[in-house]
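The values are calculated or read from the model by the stated rules, or taken from the named source; none is laboratory data. Worth saying up front: this structure is predicted, and the values here are computed from it rather than measured. Positions of Cβ are generated from backbone atoms using ideal geometry, with glycine treated the same way; all protein chains shown enter the neighbour counts.
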Amino acid sequence: MALIEISNLHVSVEGKEILKGIDLFINAGEVHAIMGPNGSGKSTLSYVLSGREGYEVTQGSISLSGEDLLAMEPDARARAGIFLAFQYPLEIPGVATSTFLKTALNAKRRAQGLDEIDAMEFLNLVKGKMKELEISTDMIKRPLNVGFSGGEKKRAEVLQMSLLEPQFAILDETDSGLDIDALKVVSDGVNALRGPERSFLVITHYQRLLNYIVPDFVHVLVGGRIVESGGKELAEMLEAEGYARFENTKAA
């Protein structure tokens with residue numbers, strides 16, 4: 001049984017069909033990359049997996065370890081181990097980053113039947129993670145993402161992911177707005193979480209991210225359909241040739 005099974009998924013937004021029959025099976029321990037041009041449906045797929053409102057599934061199914069993911073509310077999906085790293089992380093004024101992280105971690109612990117982590121234990125845990133990601137102590141005292149640079153926002157998300165240790169993490173254009181140094185730090189944080197029980201779906205326009213987070217499988221999404229799948233060499237081909245040869249497929 002795959003960790004994530006997506007079968008014949010059709011999704012509409014405001015009456016317009018965006019995804020037109022997606023089939024995708026992701027086993028535990030695998031990293032899959034989705035590449036495609038703007039408007040192909042990449043972010044739509046990530047939002048449907050995480051349970052964002054406004055995305056109507058008109059046909060098909062998604063399961064997580066055999067359970068019907070579409071029947072779960074977004075918070076239940078998060079507690080079950082789904083994590084979405086946003087392309088543009090939200091700012092939450094008035095909520096310290098450390099408070100947000102501790103609240104999220106304790107919500108997961110309660111769902112697992114564990115005791116909440118106390119303040120000192122949390123501080124020791126988060127300090128270790130921050131050192132790995134080159135995050136300053138000052139940053140987690142600030143309101144979540146408020147005034148953060150693009151690199152700081154992505155580091156904060158990877159810190160959250162590192163603390164929550166999700167079963168299935170979706171990275172929606174995590175490389176957007178990152179310089180090469182920040183990209184390396186964020187990628188190192190993601191790679192540190194790779195393991196036999198955890199899977200990733202990496203959504204990106206560009207092959208450069210996949211130099212650092214090397215995928216097991218690459219899928220080309222064009223016009224709401226996966227039109228080709230392969231190994232990491234497919235990403236290299238796309239970088240060199242672009243998506244022009246898939247235009248006829250898009251129109252079909």
Of all residues in region 49-98, which are surrounded by 13 or more Cβ atoms within 10 Å (Cβ to Cβ) and in contact with a His (Cβ under 8 Å, 6 or more places away or on another chain)? Val57, Gln59, Gly60
Does region 102-117 contain any residue that is assigned to a helix (DSSP H, G or I), surrounded by fewer than 18 Cβ atoms within 10 Å (Cβ to Cβ), hydroxyl-bearing (Ser, Thr, Tyr) and without any contact (Cβ under 8 Å) to a residue 60 or more places away in the chain? yes
Can you tell me which residue is modelled with the lowest pLDDT among those in region 1-19 that are hydrophobic (A, V, I, L, M, F, W, C) and under 25 Å from Gly29 (Cβ atoms)? Met1
Out of everything in region 146-178 that is part of a loop (DSSP other than H, G, I, E, B) and within 22 Å of Gly41 (Cα to Cα), what residue ends up being modelled with the lowest pLDDT? Gly177
What pairs come up if the first residue lies in region 128-155 and is within 22 Å of Leu193 (Cα to Cα), the second is assigned to a helix (DSSP H, G or I) and basic (Lys, Arg), and their beta carbons are under 7 Å apart, counting only those six or more places apart or on different chains? Leu133/Arg155; Ile135/Arg155
Filter region 128-145 down to the residues that are modelled with pLDDT under 90 and of a type in the set (Lys, Arg), then identify the one that is nearest to Leu201 (Cα to Cα). Lys129
So, in region 29-42, how many residues would count as being surrounded by fewer than 20 Cβ atoms within 10 Å (Cβ to Cβ) and either in contact with a Phe, Trp or Tyr (Cβ under 9 Å, 6 or more places away or on another chain) or hydroxyl-bearing (Ser, Thr, Tyr) (or both)? 2
Please go through region 1-48 and give me each residue that is acidic (Asp, Glu), assigned to a loop (DSSP other than H, G, I, E, B) and farther than 20 Å from Val218 by Cβ, ordered by number. Glu14
Considering region 118-145, residues that are basic (Lys, Arg) and closer than 20 Å to Glu91 by Cα, and then whichever is surrounded by the fewest Cβ atoms within 10 Å (Cβ to Cβ), we arrive at Lys141
Within the bounds of region 63-82, is there any residue that is under 30 Å from Gly147 (Cβ atoms), assigned to a loop (DSSP other than H, G, I, E, B) and hydroxyl-bearing (Ser, Thr, Tyr)? no
Within region 161-205, restricting to residues that are under 12 Å from the mean Cα position of the chain (by Cα) and among the small types (Gly, Ala, Ser), the one that is farthest from Ala2 (Cα to Cα) is Ala169
Restricting to region 179-204, and then to whatever is in a loop (DSSP other than H, G, I, E, B) and modelled with pLDDT of 85 or more, can you tell me which residue is nearest to Met35 (Cα to Cα)? Arg194
Of the residues in region 22-60, how many are more than 13 Å from Phe200 (Cβ to Cβ) and small (Gly, Ala, Ser)? 9
Residue among Gly54, Gly60 that alone is out of contact with any helix residue (DSSP H, G or I) (no Cβ under 6 Å at 6 or more places or on another chain) and either within 25 Å of Val214 (Cβ to Cβ) or not in a strand (DSSP E or B) (or both): Gly54
